[in-house]
Amino acid sequence: MIGNGANESQDQLVLRSRLPEIAKVAPWLQDRARQYAIPWNVQFAMDLCLEEVLSNIIRHGYAGAEDRPLVVKFTMPRSRYFIIVVDDEAPYFNPLDVPDLPPVGPNQQMRVGGQGIRLLRRFADALEYERTATGNQLRIGFSVAASEVQMK
Amino acid sequence: MAIAIEELTGGITKVTLDGRLDILGAAAVDMKMNIIAGSRKAVLVDLQNVSFLGSMGLRSLVAPAQAIRSRGGKMVLFGPNESVEKVLKTACIDTLIPVHHELQSALAALQ
């Protein structure tokens with residue numbers, strides 16, 4: 001579902017499963033922010049959620065395999081509400097089933113990426129997971145109105 | 001991500017980070033942060049120009065802070081923007097590493 005008749009190819013980003021590929025996300029989101037007038041704090045939330053989701057798919061889902069696809073689609077199903085959809089071809093895994101790690105204690109070793117799920121839940125306004133025929137799909141919702149309430 | 005180090009009076013080291021503290025940014029600063037963590041005891045990390053902070057970047061802050069504290073020192077964070085601070089609070093990093101928005105209070109916390 002693409003909003004406002006925007007160019008479908010511009011609203012889709014295809015990455016390969018290498019961590020440096022995640023650097024393509026920020027400029028792509030900046031273009032979406034310009035096109036759809038996304039407030040900066042919502043753009044930040046999208047950026048953060050994608051960093052966490054994509055890095056987890058690359059490091060864990062694809063377990064280091066470097067040429068697997070990740071497809072990121074941007075949609076605006078209604079005014080001031082955006083959904084970013086991430087599709088992969090990794091083994092089935094629902095990140096929403098993973099409990100939050102406890103906050104890092106003063107003498108605890110901080111696990112690499114260990115706070116990613118916590119950040120995803122805090123910064124996304126909606127999360128939905130679905131198994132697809134070939135892998136996993138995560139839909140991440142962002143509401144401008146909700147972000148305005150949080151900022152007050 | 002750029003990192004600049006400045007020695008202030010009173011034995012305080014100011015580390016200024018500039019850019020995105022994402023996966024790549026964290027990799028770019030980790031070595032210097034580890035060197036600072038092993039050699040300094042009063043460290044102020046200036047986050048005013050950090051535009052993004054993800055979980056990998058959190059680790060680049062927490063590990064040095066823990067190392068400094070284990071050596072009897074202190075580290076504080078200064079000037080994160082609202083979204084960066086929300087990341088710090090979500091991960092409860094602000095309970096491990098004090099966050100200041102006034103430079104004088106940040107420096108005083110290191111005395």
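The values are calculated or read from the model by the stated rules, or taken from the named source; none is laboratory data. Given the structure is predicted, the values throughout are model-derived calculations rather than measurements. Positions of Cβ are generated from backbone atoms using ideal geometry, with glycine treated the same way; all protein chains shown enter the neighbour counts.
When you scan region B:41-111 for helices (runs of 4 or more DSSP H) that lie fully inside it, which ones turn up with 1 or more residues that are touching a His at 6+ places or on another chain (Cβ under 8 Å)? Full working, then the answer.
Working: elements: B:55-70, B:82-90, B:103-109.
Output list reads B:103-109.
Which one of these does A:GLU66 not meet: (1) more than 14 Å from every other protein chain (Cβ to nearest Cβ); (2) surrounded by 15 or more Cβ atoms within 10 Å (Cβ to Cβ); (3) among the acidic types (Asp, Glu)?
Here A:GLU66 clears every test but (2).
I'd like to know if region B:62-78 contains one or more residues that are away from chain A (no Cβ under 11 Å) and within 28 Å of A:PRO39 (Cα to Cα).
Looking through region B:62-78, at least one residue is away from chain A (no Cβ under 11 Å) and within 28 Å of A:PRO39 (Cα to Cα).
From (1) away from chain B (no Cβ under 14 Å); (2) charged (D, E, K, R); (3) under 12 Å from the mean Cα position of the chain (by Cα), pick out the condition that doesn't hold for A:GLU52.
The one condition A:GLU52 does not meet is (1).
Pick from region A:123-152 the residues that are farther than 24 Å from A:ASP88 by Cα and charged (D, E, K, R): which of them is surrounded by the fewest Cβ atoms within 10 Å (Cβ to Cβ)?
A:LYS152
Please work out which one of (1) touching a Phe, Trp or Tyr at 6+ places or on another chain (Cβ under 9 Å); (2) modelled with pLDDT under 95; (3) within 13 Å of another protein chain (Cβ to nearest Cβ) is the condition A:VAL42 fails and give its number.
Going through (1) touching a Phe, Trp or Tyr at 6+ places or on another chain (Cβ under 9 Å); (2) modelled with pLDDT under 95; (3) within 13 Å of another protein chain (Cβ to nearest Cβ) one by one, A:VAL42 breaks only (2).
Considering only region B:5-43, state which residues are more than 12 Å from the chain's Cα centre (by Cα), under 17 Å from B:LEU103 (Cα atoms) and surrounded by fewer than 18 Cβ atoms within 10 Å (Cβ to Cβ).
B:GLU6, B:GLU7, B:LEU8, B:THR9, B:GLY10, B:GLY11 - these are the residues of region B:5-43 that are more than 12 Å from the chain's Cα centre (by Cα), under 17 Å from B:LEU103 (Cα atoms) and surrounded by fewer than 18 Cβ atoms within 10 Å (Cβ to Cβ).
Would you be able to say whether some residue in region A:78-87 is modelled with pLDDT of 95 or more, surrounded by fewer than 20 Cβ atoms within 10 Å (Cβ to Cβ), of a type outside the set (Val, Ile, Thr) and within 22 Å of A:ARG122 (Cβ to Cβ)?
Yes, region A:78-87 has at least one match.
Among (1) within 14 Å of chain A (Cβ to nearest Cβ); (2) under 24 Å from A:ALA26 (Cβ atoms); (3) not in a strand (DSSP E or B), which single condition is B:GLY19 missing?
So B:GLY19 meets the others, but not (3).
When residues of region A:117-152 are filtered for being outside any helix (DSSP H, G or I) and either out of contact with any Gly (no Cβ under 6 Å at 6 or more places or on another chain) or small (Gly, Ala, Ser) (or both), how many remain?
Narrowing region A:117-152 to residues outside any helix (DSSP H, G or I): A:124-143, A:152.
Right, trim to either out of contact with any Gly (no Cβ under 6 Å at 6 or more places or on another chain) or small (Gly, Ala, Ser) (or both) and you get A:124, A:126-143, A:152.
Number of matching residues: 20.
Exactly one condition in (1) without any contact (Cβ under 8 Å) to a residue 40 or more places away in the chain; (2) over 30 Å from A:PRO20 (Cα atoms) is not met by B:LYS32; state its number.
B:LYS32 satisfies all of (1) without any contact (Cβ under 8 Å) to a residue 40 or more places away in the chain; (2) over 30 Å from A:PRO20 (Cα atoms) except (2).
Going by the conditions given, is B:LEU96 at the interface with chain A (Cβ under 9 Å from one of its Cβ atoms) and either closer than 23 Å to A:GLU21 by Cα or touching a strand residue (DSSP E or B) at 6+ places or on another chain (Cβ under 7 Å) (or both)? It would help to see each step written out before you state the result.
Details: at the interface with chain A (Cβ under 9 Å from one of its Cβ atoms): yes; either closer than 23 Å to A:GLU21 by Cα or touching a strand residue (DSSP E or B) at 6+ places or on another chain (Cβ under 7 Å) (or both): no.
No: the conditions fail for B:LEU96.
Name, by its number, the condition in (1) modelled with pLDDT of 95 or more; (2) away from chain A (no Cβ under 14 Å); (3) touching a strand residue (DSSP E or B) at 6+ places or on another chain (Cβ under 9 Å) that does not hold for B:GLN111.
It fails just one condition, (1).
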